[in-house]
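Visitor: I have a structure I would like to understand better, so I am pasting it below and will then ask my questions one at a time.
The values are calculated or read from the model by the stated rules, or taken from the named source; none is laboratory data. Quick caveat: nothing in here was measured; it's all calculated off a predicted structure. Every residue, glycine among them, receives a Cβ derived from its backbone with ideal geometry; neighbour counts consider all protein chains shown.
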(Lines give C-alpha, C1' and ligand atoms only; values in the text may rest on other atoms or scores of the structure.)
Protein backbone atom coordinates (compact mmCIF):
# COMPACT_ATOMS: atom_id res chain seq x y z
CA UNK A 1 0.00 0.00 0.00
CA UNK A 2 1.39 3.40 -0.98
CA UNK A 3 1.61 6.12 1.69
CA UNK A 4 0.14 9.46 0.57
CA UNK A 5 1.14 11.62 3.55
CA UNK A 6 3.32 14.68 2.94
CA UNK A 7 4.84 14.58 6.43
CA UNK A 8 5.97 11.85 8.79
CA UNK A 9 3.64 11.42 11.76
CA UNK A 10 4.94 11.22 15.30
CA UNK A 11 2.96 9.46 18.04
CA UNK A 12 3.76 11.62 21.05
CA UNK A 13 1.69 12.42 24.14
CA UNK A 14 2.60 16.11 24.35
CA UNK A 15 0.39 18.80 25.86
CA UNK A 16 -2.04 20.76 23.76
CA UNK A 17 -4.61 23.46 24.48
CA UNK A 18 -7.42 24.09 21.99
CA UNK A 19 -10.15 26.71 21.75
CA UNK A 20 -13.02 27.22 19.36
CA UNK A 21 -12.14 30.07 16.99
CA UNK A 22 -15.79 31.01 16.50
CA UNK A 23 -17.20 33.94 18.46
CA UNK A 24 -20.43 31.94 18.76
CA UNK A 25 -18.87 29.18 20.87
CA UNK A 26 -17.15 29.16 24.24
CA UNK A 27 -13.55 30.25 23.81
CA UNK A 28 -12.55 28.52 27.03
CA UNK A 29 -9.12 26.86 26.86
CA UNK A 30 -9.40 23.07 26.81
CA UNK A 31 -6.18 21.25 27.79
CA UNK A 32 -5.59 17.77 26.37
CA UNK A 33 -2.93 15.44 24.95
CA UNK A 34 -1.72 14.95 21.41
CA UNK A 35 -2.16 11.47 19.92
CA UNK A 36 0.02 12.18 16.90
CA UNK A 37 1.62 15.18 15.24
CA UNK A 38 2.99 16.06 11.82
CA UNK A 39 3.83 19.17 9.85
CA UNK A 40 0.35 19.03 8.34
CA UNK A 41 -1.76 18.62 11.44
CA UNK A 42 -2.45 16.94 14.74
CA UNK A 43 -4.85 14.45 16.29
CA UNK A 44 -5.75 14.70 19.94
CA UNK A 45 -8.05 13.52 22.70
CA UNK A 46 -11.23 15.55 23.22
CA UNK A 47 -14.12 15.40 25.66
CA UNK A 48 -16.39 17.83 23.82
CA UNK A 49 -17.79 16.91 20.42
CA UNK A 50 -16.19 18.70 17.48
CA UNK A 51 -17.58 18.82 13.95
CA UNK A 52 -15.72 18.50 10.68
CA UNK A 53 -15.13 21.96 9.31
CA UNK A 54 -14.96 23.72 12.69
CA UNK A 55 -11.98 26.03 13.17
CA UNK A 56 -9.93 25.72 16.34
CA UNK A 57 -6.95 27.58 17.75
CA UNK A 58 -4.14 25.37 19.04
CA UNK A 59 -1.21 25.76 21.42
CA UNK A 60 1.25 22.87 21.35
CA UNK A 61 3.55 22.39 24.33
CA UNK A 62 6.57 21.00 22.50
CA UNK A 63 9.22 19.75 24.96
CA UNK A 64 12.27 21.99 25.49
CA UNK A 65 10.53 25.10 24.11
CA UNK A 66 9.72 27.88 26.55
CA UNK A 67 6.75 29.18 24.53
CA UNK A 68 3.92 27.13 23.01
CA UNK A 69 3.72 26.68 19.25
CA UNK A 70 0.52 28.29 17.99
CA UNK A 71 -1.57 27.32 14.98
CA UNK A 72 -5.10 27.50 13.67
CA UNK A 73 -6.67 24.49 12.04
CA UNK A 74 -9.78 22.90 10.62
CA UNK A 75 -11.31 19.78 12.13
CA UNK A 76 -11.04 17.03 9.51
CA UNK A 77 -12.70 14.24 11.49
CA UNK A 78 -14.07 13.42 14.93
CA UNK A 79 -14.45 9.90 16.34
CA UNK A 80 -16.61 8.97 19.26
CA UNK A 81 -14.92 6.18 21.18
CA UNK A 82 -17.47 3.59 22.18
CA UNK A 83 -17.55 3.10 25.95
CA UNK A 84 -15.02 5.86 26.66
CA UNK A 85 -15.49 9.39 27.99
CA UNK A 86 -12.77 10.70 25.66
CA UNK A 87 -12.94 10.92 21.89
CA UNK A 88 -10.42 11.82 19.20
CA UNK A 89 -10.29 14.61 16.64
CA UNK A 90 -7.92 15.36 13.77
CA UNK A 91 -7.12 18.92 12.77
CA UNK A 92 -5.36 20.06 9.60
CA UNK A 93 -3.24 23.18 10.09
CA UNK A 94 -4.61 26.10 8.07
CA UNK A 95 -2.61 28.96 9.57
CA UNK A 96 0.73 28.51 11.29
CA UNK A 97 3.66 30.90 11.46
CA UNK A 98 6.58 29.52 9.39
CA UNK A 99 8.86 29.70 12.46
CA UNK A 100 6.36 27.64 14.49
CA UNK A 101 5.92 25.17 11.62
CA UNK A 102 9.69 24.74 11.54
CA UNK A 103 9.65 24.04 15.30
CA UNK A 104 7.02 21.35 14.78
CA UNK A 105 8.98 19.76 11.92
CA UNK A 106 12.25 19.84 13.87
CA UNK A 107 10.61 18.12 16.84
CA UNK A 108 8.84 15.49 14.72
CA UNK A 109 12.00 14.63 12.77
CA UNK A 110 14.31 14.74 15.82
CA UNK A 111 12.14 12.40 17.87
CA UNK A 112 10.67 10.35 15.03
CA UNK A 113 13.86 9.69 13.13
CA UNK A 114 16.32 10.25 15.97
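Visitor: Can you tell me how many residues in segment 30-62 are free of Cβ contacts under 8 Å to residues at least 24 places away in the same chain, over 15 Å from residue 73 (Cα atoms) and part of a loop (DSSP other than H, G, I, E, B)?
Guide: 1
Visitor: Filter segment 51-66 down to the residues that are more than 21 Å from residue 22 (Cβ to Cβ) and within 14 Å of the chain's Cα centre (by Cα), then identify the one that is surrounded by the most Cβ atoms within 10 Å (Cβ to Cβ).
Guide: Looking only at segment 51-66, we keep the residues that are more than 21 Å from residue 22 (Cβ to Cβ), and these are 61-66.
Those left that are additionally within 14 Å of the chain's Cα centre (by Cα): 61-62.
Numbers: 61: 15, 62: 21.
Filtering first and then ranking leaves 62.
Visitor: Taking the condition modelled with pLDDT under 95, in contact with a strand residue (DSSP E or B) (Cβ under 6 Å, 6 or more places away or on another chain) and either surrounded by 13 or more Cβ atoms within 10 Å (Cβ to Cβ) or within 16 Å of residue 43 (Cβ to Cβ) (or both), does residue 80 pass?
Guide: Values: modelled with pLDDT under 95: yes; in contact with a strand residue (DSSP E or B) (Cβ under 6 Å, 6 or more places away or on another chain): yes; either surrounded by 13 or more Cβ atoms within 10 Å (Cβ to Cβ) or within 16 Å of residue 43 (Cβ to Cβ) (or both): yes.
In short, yes.
Visitor: Provide a single number: the residues in segment 78-114 that are touching a residue at least 24 places away in the same chain (Cβ under 8 Å) and either over 25 Å from residue 51 (Cβ atoms) or not in a strand (DSSP E or B) (or both).
Guide: Selection size over segment 78-114: 15.
Visitor: Then there's this: Among the residues of segment 96-106, is any buried (at least 16 other Cβ atoms within 10 Å of the Cβ) and modelled with pLDDT under 90?
Guide: The answer is no, given that none of the residues of segment 96-106 is buried (at least 16 other Cβ atoms within 10 Å of the Cβ) and modelled with pLDDT under 90.
Visitor: Moving on to the next point. Counting only residues that are assigned to a loop (DSSP other than H, G, I, E, B) and in contact with a strand residue (DSSP E or B) (Cβ under 7 Å, 6 or more places away or on another chain), how many does segment 63-77 have? It would help to see each step written out before you state the result.
Guide: Keep residues of segment 63-77 that are assigned to a loop (DSSP other than H, G, I, E, B), which gives 63-68.
Next cut, in contact with a strand residue (DSSP E or B) (Cβ under 7 Å, 6 or more places away or on another chain) only: 68.
Residues in segment 63-77 being assigned to a loop (DSSP other than H, G, I, E, B) and in contact with a strand residue (DSSP E or B) (Cβ under 7 Å, 6 or more places away or on another chain): 1 in total.
Visitor: Answer yes or no: is there a residue in segment 100-109 that is in contact with a strand residue (DSSP E or B) (Cβ under 9 Å, 6 or more places away or on another chain) and within 22 Å of residue 23 (Cα to Cα). If you could, list the steps in order and put the result at the bottom.
Guide: Quick first cut of segment 100-109, residues in contact with a strand residue (DSSP E or B) (Cβ under 9 Å, 6 or more places away or on another chain) only: 100-101, 103-104, 107-109.
Remaining after also requiring within 22 Å of residue 23 (Cα to Cα): none.
No; the residues of segment 100-109 include none that is in contact with a strand residue (DSSP E or B) (Cβ under 9 Å, 6 or more places away or on another chain) and within 22 Å of residue 23 (Cα to Cα).
Per-residue answers, yes or no, for (1) farther than 14 Å from residue 60 by Cα; (2) surrounded by fewer than 16 Cβ atoms within 10 Å (Cβ to Cβ); (3) at pLDDT 80 or above:
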residue: 25; (1), (2), (3): yes, yes, no
residue: 34; (1), (2), (3): no, no, yes
residue: 37; (1), (2), (3): no, no, yes
residue: 46; (1), (2), (3): yes, no, yes
residue: 49; (1), (2), (3): yes, yes, yes
